[in-house]
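The values are calculated or read from the model by the stated rules, or taken from the named source; none is laboratory data. Note that the structure is a prediction, hence the values are computed from the model and not measured. Positions of Cβ are backbone-derived with ideal geometry, glycine not excepted, and every protein chain shown enters the neighbour counts. Side chains included, ligands, DNA and RNA excluded: accessible areas come from the protein's heavy atoms. Shrake-Rupley method; radii C 1.70, N 1.55, O 1.52, S 1.80 Å.
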Amino acid sequence: MSSSTVELTKDNFDEVVSGSGFVLIDFWASWCGPCRQFAPVYEGAAERHGDLVFAKVDTEAQPELAAAFEIRSIPTLMIVRDNIAVYAQPGALPEAALEDVISQARALDMDEVRASVAEEQAKAARAAQGEGQPAGE
């Protein structure tokens, strides 16, 4: 791992992710062939985008983090902006696709994203409150 990426553990995860406005997280494992193929692409992007935090989670060493994010397939790339996961996709991306995803995530209007998240949470809360009601009343 190069100095341009941060190793995330359950101990430093909240601090790193909360303290950074824009974090890319690569969930990987040493035995995973596609993970090893994606690593140099990810490292190269980290060097090109010094203003962003590029982090890695070794799913073997950090099973709690992998479970918390329901990681079912590796590599999985996740992008977190302002503590909101705005992208999560399994698969090793080629360099051009990774650059495109980073550009799209940079272009997001986070006020719109936050409003959308708040709306979804309100819907879920209303649905939860309505579950105890008999139908048609």
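Let a ≥ b ≥ c be the square roots of the eigenvalues of the Cα gyration tensor of the stretch 72-135; is it rounded (a/c under 1.5), or, if not, prolate (a/b larger than b/c) or oblate? Before the final figure, lay out each step's value.
Details: a/c = 4.27, a/b = 1.97, b/c = 2.16.
Oblate is the answer for the stretch 72-135, as a/c is 1.5 or above yet b/c matches or exceeds a/b.
Below 8 Å, C-alpha to C-alpha, sequence gap of six or more: please give me the relative contact order for the chain in percent.
Numbers: 167 pairs, mean separation 36.6, N = 137.
Relative CO of the chain lands at 27 percent.
Can you compute the modelled spin-label distance between Glu120 and Tyr87, with each label point 7 Å from Cα toward Cβ, in nm?
Distance between the two pseudo-spin positions: 1.6 nm.
Work out the length of the dipole vector of the chain about its Cα centre, built from +1 on the beta-carbon of each Lys and Arg and -1 on the beta-carbon of each Asp and Glu, and round it to the nearest 20 debye.
200 debye
Once a ≥ b ≥ c are taken as the square roots of the eigenvalues of the Cα gyration tensor of the stretch 1-65, is the result rounded (a/c under 1.5), prolate (a/b larger than b/c) or oblate (a/b not larger than b/c)?
Because a/c hits 1.5 or more and a/b fails to exceed b/c, the stretch 1-65 counts as oblate.
Working with all protein chains in place, sort Lys56, Lys123 by solvent-accessible area computed with a 1.4 Å probe, largest first.
Numbers: Lys56 15, Lys123 95 Å².
From most exposed to least exposed: Lys123, Lys56.
Under a point-charge model restricted to the Cβ atoms of Lys and Arg (+1) and Asp and Glu (-1), what is the dipole moment magnitude of the stretch 25-103 relative to its Cα centre, in debye to the nearest 20?
Charge dipole of the stretch 25-103: 140 debye, to the nearest 20.
Hey, if we sort Arg36, Arg106 by accessible area with the 1.4 Å probe, largest down, what's the order?
The most accessible residue leads, giving Arg36, Arg106.
222 nm [θ] for the chain, helices only, -39500 (n - 2.57) per DSSP H run of 4+, per residue, to 500?
It comes out at -14000 deg cm²/dmol, rounded to the nearest 500.
Which value, in Å² and to the nearest 10, is the accessible area of Thr5 when all protein chains are kept and the probe is 1.4 Å?
10 Å²
Roll a 1.4 angstrom probe over the protein heavy atoms and tell me the percent of accessible area of the chain that is carbon or sulfur.
50 percent
Pop out the ³J(HN,Hα) list for the stretch 108-122 in order, Karplus 6.51 cos²θ - 1.76 cosθ + 1.60 with θ = phi - 60°, rounded to Hz; leave Gly and Pro as x.
4, 8, 5, 5, 5, 4, 4, 4, 5, 4, 4, 5, 5, 5, 5
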